[in-house]
Amino acid sequence: MALFINGIGCISPQRTFDNSEFLAEVKEYSTNRLTCVDADYTKFFDAGSIRRMGRLMKYGTAAGMIAIRDAGIEVPGAISTGTALGLPEVSQRFLKSLIEVDETIVSPTTFIQSTHNTVSSNIALLCKCFSHNNTFSHKGFSFESALTDAQLLVLENMDNILVGAYDEVSDYKYAAMKKTKELRSEPSSNLDVYGEKGNGVIAGEGAAFFVLAKEKTENTYGMFVSNKAFYKPESTEEMRNHILSFLKTNNSSLEDIDVVISGISGAKETDAIRIDLNKNLFATQTIVAYKHLCGEYMTSSAFAFWLASKMMKAQQIPDAVILENKNRSPKNILLYNSHKHNHSLMLFKAC
Amino acid sequence: MKVFIAGKGVISAIGNNVAENFASLRNLQTGVSKITVLPTRYAETLPAAEVKLSNEELAQRCGLNSSEPRTAFLSSIAAKEAVADANIPDFKKWRTGFISANTVGAMDKTETIYKYYLEDDNTDKLIEEDPYDEGYVTELVANQLGINDHITTISTACSSSTNAMAYGARLIKANQLDIVVAGGCDAMSKFTLNGFNSLMILDTNPCTPYDENRKGLNLGEGAGYVVLVSEEVAATLAKKPTTILAGYANANDAFHQTASSPEGKGNFMAMQGALEMSGLSTKDIDYINLHGTGTSNNDLSEGIAIQRIFGDVPKVSSTKPYTGHTLGACAGIEAVYSILSIENGIIFPNLRFQTKMKELDFVPVTELLENMEVKHVMSNSFGFGGNCSSVIFSKAN
């Protein structure tokens with residue numbers, strides 16, 4: 001079911017928390033680990049809460065509150081979120097203390113914040129939203145499932161659904177990505193990640209939230225038409241068929257698509273299918289990339305959703321994201337992202 | 001449109017399958033005892049409800065590698081039992097989903113890996129799968145079940161598996177899927193044991209939910225799944241489904257991160273919402289399988305909310321004195337118990353109950369009740385973050 005995107009909020013390694021800006025200045029990093037540019041959290045929480053909250057709790061909750069305020073609503077009709085790894089930094093602080101003291105005395109503060117639904121419920125707590133509250137925690141399908149949940153909720157007669165996703169790169173995750181050689185070696189500029197030189201992704205993180213609704217408002221960014229997730233597609237050919245049939249199901253076709261947002265990440269092996277499709281299937285579309293801005297993480301498609309929203313409203317594509325320019329204006333946008341076995345498509349339409 | 005329950009599967013401290021669980025429930029056999037499997041300094045002091053099989057034994061039973069997380073073994077055993085029980089002809093021809101819940105992921109493994117990581121942040125141990133990745137557990141089992149149309153994991157603390165069943169039912173009603181294997185799993189871990197202990201809500205004796213002198217909960221582990229099917233699939237089954245998923249609701253208490261509001265607002269809204277969807281009145285509910293953890297806060301908020309909605313409170317009991325609190329698995333396990341109650345006309349007792357809570361007008365069932373007519377059962381599950389969910393199972397006509 002197509003829904004209007006009426007409010008957005010994004011905190012990422014770029015300056016994205018201010019909705020009046022659109023990637024005016026792109027932040028360049030010379031490291032393989034991108035962390036969020038913080039918003040002014042005193043606008044959302046009191047000093048005591050800021051002290052107690054972990055980093056992701058702060059930027060995740062704030063991104064949700066930005067979207068709610070942007071949509072001009074007080075309380076969302078329901079909340080559905082996705083997070084692949086929950087709140088690893090606070091969980092690890094709890095784990096570290098428990099290992100260090102050999103299970104003797106540990107403080108509950110970090111344990112309380114360790115469940116994966118903490119951000120979603122914290123937003124409910126702040127805006128007194130007593131309605132449906134869900135958290136999906138499934139790798140590269142986390143945000144996608146929350147979107148499906150939101151679409152079902154609207155079919156079930158709810159409206160103004162706050163949907164979003166958030167993840168953070170913890171020290172542990174960073175060390176693991178290094179060890180498995182998923183990461184490209186340092187130093188590297190995030191802006192060169194798609195070049196011939198080097199192999200591997202840049203670790204990233206972020207939170208992005210959206211208010212999805214049945215009716216258009218003055219603030220509407222565009223329409224989220226549909227999404228579909230695919231587990232373990234095996235070849236470019238299979239993905240190509242999925243894309244064509246996904247478009248057909250949504251009364252669209254490849255010719256209608258102006259812009260493709262590609263989940264290309266800089267890892268040669270996983271990019272092969274994306275590069276192949278970019279060259280051979282999307283020959284007439286402007287191709288846009290985003291992982292040089294936010295890094296690779298399992299809910300990065302929420303950052304891409306933010307990018308699609310901004311492009312539709314501004315009817316402009318920032319130079320910083322263009323991979324292949326065919327001079328098309330961003331009316332119909334297709335997103336194709338994947339993380340290991342989890343592949344997903346999303347379709348957007350400007351109003 | 002009706003959503004039928006075509007199969008069920010369970011593993012818990014009181015049995016490795018549905019038949020063993022049913023026998024223990026009838027024989028008033030608790031699973032709460034001294035900790036012997038989880039290596040912890042609290043083995044002698046904090047009782048829990050463990051599945052008394054080692055990782056190697058569980059792995060062997062389910063065909064996964066013994067180095068995988070314990071949560072996956074429990075999930076695999078119960079989910080496979082549920083699918084076999086449903087015995088759906090041409091399983092492959094339908095659009096099928098696996099919606100699983102868990103809250104600890106591979107935490108049992110992390111506790112070991114993290115120790116190595118603290119000593120050396122370049123240890124080879126880091127090559128293993130991400131321990132906070134709850135979806136990893138789901139995919140291991142989805143691969144075994146051969147399900148790939150729709151896979152996801154829900155993590156809303158102790159209400160997780162109710163929300164998994166509800167999400168599955170909604171996908172069937174929206175005609176996106178025909179069959180959904182839904183439920184949840186969680187293994188014991190030092191992380192949760194120490195976490196709940198730090199909140200001072202663990203009973204040092206076997207728990208006594210809804211008792212005036214209750215002292216807290218006992219942790220448990222296990223998994224429980226149901227196979228939800230559309231009317232179209234139900235019509236093809238040799239064994240006619242006994243039960244339907246008649247109603248469900250997800251609400252948020254929006255009161256405190258880990259405590260329920262004194263009046264049980266979220267609990268009230270969840271039960272009310274499930275009743276509304278089912279089209280039933282409070283008088284129709286024959287039995288409520290309580291969340292009933294045994295903590296002072298949960299039982300009071302839940303009890304007050306029940307009193308407000310029902311007035312004349314039906315038969316109620318918590319089965320957590322048998323299984324402990326299995327967190328992300330509890331609603332899956334209790335779904336299986338609720339269905340057993342309907343199928344067999346039996347209401348399971350709230351073991352170890354002695355003294356009525358002074359704030360409440362009702363007491364739970366304390367003896368096994370047989371030869372009852374049980375048509376409609378409500379099952380509650382409430383969690384951290386104010387997540388409150390209720391579900392209603394009804395006898396299929």
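Shape class for the stretch A:47-115, computed from the alpha carbon gyration tensor (a ≥ b ≥ c): prolate, with a/c not under 1.5 and a/b above b/c. How much of the pair distance distribution for chain A lies past 38 Å, counting alpha-carbon pairs only, in percent? Pairs farther apart than 38 Å: 12 percent. The tail of the calculated P(r) for the stretch A:225-349, taken as Cα-Cα distances beyond 23 Å, holds 21 percent of the pairs. The peptide list A:238-246, B:154-162, B:241-249, A:306-314, put in order of mean Cβ contacts within 10 Å with the highest first, becomes B:154-162, A:306-314, B:241-249, A:238-246. Residue by residue, the stretch B:293-301 carries 3J(HN,Hα) couplings of 6, x, 7, 4, 5, 4, 5, 5, 5 Hz when phi is fed to the Karplus relation 6.51 cos²θ - 1.76 cosθ + 1.60 (θ = phi - 60°); x denotes Gly or Pro. Multiplying the residue separation of A:Lys214 and A:Asn199 by 0.36 nm and removing their Cα-Cα distance gives an extension gain of 1.1 nm. Full extension of the chain between B:Thr112 and B:Asn371 gives 88.3 nm of extra length, using 0.36 nm per residue less the Cα-Cα distance. For A:His339, no residue has an amide H sitting under 5 Å from its own, ignoring neighbours fewer than 5 places away on the same chain, with H placed 1.01 Å from N. Largest GNM mean-square fluctuation among A:Leu277, A:Leu335, A:Leu126, using chain A with Cα springs under 10 Å: A:Leu126. Under 1.5 on a/c is rounded, so check that first for the stretch B:4-395, then, if it is not, pick prolate when a/b is larger than b/c and oblate when it is not; a ≥ b ≥ c are the square roots of the alpha carbon gyration tensor eigenvalues. It is oblate, given that a/c is not under 1.5 and a/b is not larger than b/c.
Counting only DSSP beta bridges whose two residues both lie in the stretch A:3-213, roughly 55 percent are antiparallel. Per-residue ellipticity at 222 nm computed for the protein assembly as shown from its helices equals -10000 deg cm²/dmol, with DSSP H segments shorter than 4 residues left out and the rest contributing -39,500 (n - 2.57).
Per-residue Karplus couplings for the stretch B:250-256, computed as 6.51 cos²θ - 1.76 cosθ + 1.60 with θ equal to phi - 60°, are listed in order as 10, 9, 10, 6, 6, 10, 7 Hz, Gly and Pro entered as x. Considering only C-alpha atoms, what is the centroid distance from the stretch B:81-128 to the stretch A:1-68, in Å? Result: 31 Å between the Cα centres. Taking all Cα pairs closer than 8 Å and separated by 6 or more residues, the relative contact order of chain B comes to 23 percent.
As a proxy for reagent exposure, B:Ser261, A:Ser30 were ordered by neighbouring Cβ count within 10 angstrom, fewest first; the result is A:Ser30, B:Ser261.
Binning the C-alpha pair distances of the protein assembly as shown at 20 Å intervals from 0 yields a P(r) profile of 18, 54, 26, 2 %, listed from the shortest bin outward.
Once you sort the root eigenvalues of the Cα gyration tensor of the stretch A:1-55 as a ≥ b ≥ c, which label holds: rounded (a/c under 1.5), prolate (a/b larger than b/c) or oblate (the other case)? Judged from the Cα gyration tensor, the stretch A:1-55 comes out oblate (a/c at least 1.5, b/c at or above a/b).
Take the Cβ atoms of A:Phe22 and B:His256, set R0 to 35 Å, and the FRET efficiency comes out at 0.35.
Every number here is computed from the coordinates shown, using simple stated rules; none is lab data. From a predicted model like this one, the values you see are computed outputs, not experimental measurements. Positions of Cβ are backbone-derived with ideal geometry, glycine not excepted, and every protein chain shown enters the neighbour counts.
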